[in-house]
2 protein chains.
Amino acid sequence: MHIELLTIGNELLLGQVVDTNAVELAKELSAAGIRVTRRATVGDDGAAIADAVRDALARTGAVITTGGLGPTRDDITKAAVARLLDAPLEFSDEVWGHVLERYRHFGRTPAESNRSQAEVPRGATVLRNRWGTAPGLWLDAPMPSGGLVVMLPGVPLEMRLLLQHEVLPRLRARADGTVVRSRTVRTTGVAESTLAEAIGNIEPEIAPLTLAYLPGVDGVDLRVTAWSLPAADADARLAAAIRALRMRAPRAVYGEDDTDLAAAVLNAARARGLTLAVAESCTGGLVGARITAVPGSSEVFLGGIVAYTDLIKQQLLEVPHALIAEHGAVSEAVACAMAEGVRRNFGASVTVSVTGIAGPTGGSEAKPVGTVWLATAAERGTQAVRKVFGGSRADIRARAAQAALWLMLERMGAP
Amino acid sequence: MHIELLTIGNELLLGQVVDTNAVELAKELSAAGIRVTRRATVGDDGAAIADAVRDALARTGAVITTGGLGPTRDDITKAAVARLLDAPLEFSDEVWGHVLERYRHFGRTPAESNRSQAEVPRGATVLRNRWGTAPGLWLDAPMPSGGLVVMLPGVPLEMRLLLQHEVLPRLRARADGTVVRSRTVRTTGVAESTLAEAIGNIEPEIAPLTLAYLPGVDGVDLRVTAWSLPAADADARLAAAIRALRMRAPRAVYGEDDTDLAAAVLNAARARGLTLAVAESCTGGLVGARITAVPGSSEVFLGGIVAYTDLIKQQLLEVPHALIAEHGAVSEAVACAMAEGVRRNFGASVTVSVTGIAGPTGGSEAKPVGTVWLATAAERGTQAVRKVFGGSRADIRARAAQAALWLMLERMGAP
């Protein structure tokens, strides 16, 4: 089963709010095996709403709208759809009863404008909204002029609950039992094009699954998707595709699906009985923040030192002044001394240090903005690596934090 | 001037990522007085892309696309638009030169698949991308079959920078002179309803501007918006509205527009010749990360200690063992000792400490999840405050970091 989404509201076209309804609908419908083929957004404009619904019905035969069902002047979805599908609005005593009941519950009296909320296009099924006053509407008009139009309120909580309780059960009954399902292999430290070359032309092997490369500051995610397959078949094919991707791109993979690299680091340390600490300069606390974002991190993570000045590097990390004077704070020697210093001070098994130039200023020809030295210290010695990251100050810092976590994972002999 | 947006990617139809590009484009274009009349999203499907671009051109005559310009097999926007507008792809030595240069900068060699990034539809203007390898493309094909098609990469940072530096200047030159413009008063530490009570019915005073309350983990933003006014008129009215809001809600305001609280803290310290340091437990580095996210923070910020275990609090922050044993790590006494300890160790003028229970476990009746003690230490003594924050572990940590920054600002006698 295919469907389109239409989200309605001037605030969406002005970019003042994020369209979380579209994300939620897309996610839930996909998971239920209903394929969203298109999303669109129009403003609070009857003609634009009618045009968009008409186009969606002509293309796909089914559309879910959100927004424009409230009691105020800019709520015009119902009237626009009623006109388009020739289903005149009729006053529903049942819906009006729900509105009155809801107001009574909060000790209020409805305004005259609320009466419009009780108007329903002829032939529509009312999807009772227990969480607000605007009901959802399910209108199954005969094709080709018609098709399925489901109207939901724009308030995210009300939309979500109506979707779960009223819309998905009805749509599932029409769907054919197949699912749209994705899995992800997460990589870091390797460019998208390099990864694509290592993986090569894997598409025939994994077909009918599709592969997408999703680059971000944390690395490149490889997402495989099964479209319209029975659930068991989809799962088996996805598992096989994940194995195939892992074989072709072994070095850069740190996990699957929602795995966070910091969680992988903590799991590896926990499994080996190791403790961790960090020494940060240019990341200023980001590595610690990433690690401690994971619940239960205190079992393994002791803490860290943010040494943002040369003096603090000397005093709290015992980096010799001569090293900084000779090599500069962003150097292999200083990165190693920082990792070793924090290891001594905290008594941790494995530590990582980060020192770099996050920009926008402070770069030079020899050490351009984005230059970062990272080092790991452990019982068997200290290892350092130099990276040059691109992007904004925030990107460089995020990439450096991700690289620090990856180094720790590697150092522990994982993944 | 009217324009439509088309964001491209299966991941958007699957609800796997939030469409931040559409939000950013809508916001920036509206601010520039260019009206976004419609947004749509299609998957990585050449026919769907071509259909959507054709429809947008027929309706509005101008469309900006994002996504599908990368080097991998699922990047097909350029080819789809080239076919639609009968503008065959031609290899551009200039673009290839940029790709090579970018790879050289990072010490890498481009893969064979990168050559496709140098292909440009005939007649297109190349919008040079200094932040990635995929250039933007500006294609002004004759109407009615054509119209303006601007293609931008889907990587958010690259999209944003190309929009700012290449697209908006060109579009502004075509627009009518009125603007949609917003300004924001930023507050923290006060609930939305309390703030609304303090501000009262300010709407008649600021009309025709509109006011929106935007609550988030960092506090409540008050946004006033001028719709379709000449720029000078909009600016004058917005400035007056900002003054009126500041008068009514003086206590909680830390800045305007894009002001970040960490930047305000750094400015206050810089103006007073003070240095800063932090001692973090439950925030695990977040406060340091917030501060060092601001360029130039090293002039003022010395660093910090992340003391995630009791032992590290004793060893590195000199918190007496007896205090922890008697009051627990999340207590006024320990927060004060942490702030004083980091102040001694770093020799900083003003410090802040955070110790709390971020959850999801670890709470008790006396100290529920969300309980956080914060303290500031300065020459004139130490002050502590207890907060109980709601939300997820991530929310509680973010709110605690924001509260720590606000405490430092207050302690310095600002704002």
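All of the numbers you see were taken from the coordinates with simple rules; none came from a lab. All of these numbers come straight from a predicted model, not from anything done at the bench. Neighbour counts are summed over all protein chains in view; Cβ atoms, including those assigned to glycine, are modelled from backbone coordinates with ideal geometry.
Looking at the range B:261-411 only, what percent of DSSP beta bridges run antiparallel? Nearest 5 please.
Taking every DSSP beta bridge within the range B:261-411, about 60 percent pair in antiparallel fashion.
When you look at the Cβ of every residue in B:31-41, what mean number of other chain Cβ atoms sits within 10 Å? Don't jump to the answer; show the numbers that get you there.
On the way: counts 2, 0, 0, 0, 3, 7, 6, 9, 11, 9, 10.
The mean count of partner-chain Cβ atoms within 10 Å per residue comes to 5.
On C-alpha positions alone, give me the angle between the axis of helix A:93-105 and the longest principal axis of chain A, in degrees, nearest 10.
Tilt relative to chain A: about 50 degrees.
Count the DSSP beta bridges whose two residues both fall in the range B:2-172, then state the antiparallel fraction as a percent rounded to the nearest 5. Present the calculation step by step, with values, prior to reporting the outcome.
Details: 11 of 27 bridges.
DSSP beta bridges in the range B:2-172 are roughly 40 percent antiparallel.
Calculated from DSSP H runs of 4 or more alone, at -39500 (n - 2.57) each and per residue, what is the 222 nm mean residue ellipticity of the protein assembly as shown, nearest 500?
Roughly -11500 deg cm²/dmol at 222 nm, from the helical runs in the protein assembly as shown.
For chain A, divide the Cα radius of gyration by the Kirkwood radius and give the resulting Rg/Rh value with two decimals.
Working: Rg = 28.0 Å, Rh = 25.1 Å.
With Rh from the inverse mean 1/r over Cα pairs, Rg/Rh is 1.12.
To the nearest 10 degrees, how steeply does helix B:261-272 sit against the main Cα axis of chain B, on a 0 to 90 scale?
So the helix axis and the longest Cα principal axis differ by about 60 degrees.
What is the Cα centroid distance between the range B:1-26 and the range B:345-376, reported in whole angstrom?
Going from one Cα centre to the other spans 39 Å.
State, as an integer percentage, the relative contact order of the range B:178-256 based on alpha-carbon contacts under 8 Å between residues 6 or more apart.
Contact order relative to length: 47 percent.
Return the single residue from A:Gly146, A:Gly200, A:Gly15 with maximal mean-square fluctuation; model: Gaussian network over chain A, springs between Cα atoms under 10 Å.
A:Gly15
For the range B:2-172, what is the relative contact order in percent, using Cα pairs closer than 8 Å and at least 6 residues apart in sequence?
Reported relative contact order: 24 percent.
Between the range A:265-295 and the range A:149-209, what's the alpha-carbon centroid distance in Å?
31 Å
Counting partner chain Cβ atoms within 10 Å of every residue's Cβ in A:296-304, what's the average?
Mean inter-chain Cβ contacts per residue within 10 Å come to 6.
How much length, in nm to one decimal, is gained on full extension between B:Glu326 and B:Asp140, taken as 0.36 nm per residue of separation minus their Cα-Cα distance?
Numbers: separation 186, 0.36 × 186 = 66.96 nm, distance 7.32 nm.
Going from the current span to full extension adds 59.6 nm.
Which residue fluctuates the most in chain A, going by a Gaussian network model with Cα springs under 10 Å, if the choices are A:Val149, A:Val354, A:Val18?
Of A:Val149, A:Val354, A:Val18, the most mobile in the Gaussian network model is A:Val18.
Using a 10 Å Cβ count of at most 15 others and DSSP loop calls, identify the longest part of chain B lacking such trypsin sites (Lys or Arg not before Pro).
B:252-379
Using only the Cα atoms of the range B:178-256, construct the convex hull and provide its projected area averaged over every direction, in square nanometres to one decimal.
Orientation-averaged projected area of the Cα hull: 4.6 nm².
Which whole-number percent is the relative contact order of the range B:284-368 (Cα, under 8 Å, 6+ apart)?
Details: 73 pairs, mean separation 17.3, N = 85.
Worked out over the range B:284-368, it gives 20 percent.
Taking every eigenvalue of the Cα gyration tensor of the protein assembly as shown, multiplying by 5 and rooting it, what semi-axes result, largest first, whole Å?
Values for the protein assembly as shown, descending: 45, 34, 27 Å.
What does the average come to when, for each residue of peptide B:110-122, you count the partner chain Cβ atoms lying within 10 Å of its Cβ?
That works out to 2 on average.
Between 0 and 90 degrees, rounded to the nearest ten: what's the tilt of helix B:231-248 against the longest Cα principal axis of chain B?
Computed tilt is about 20 degrees.
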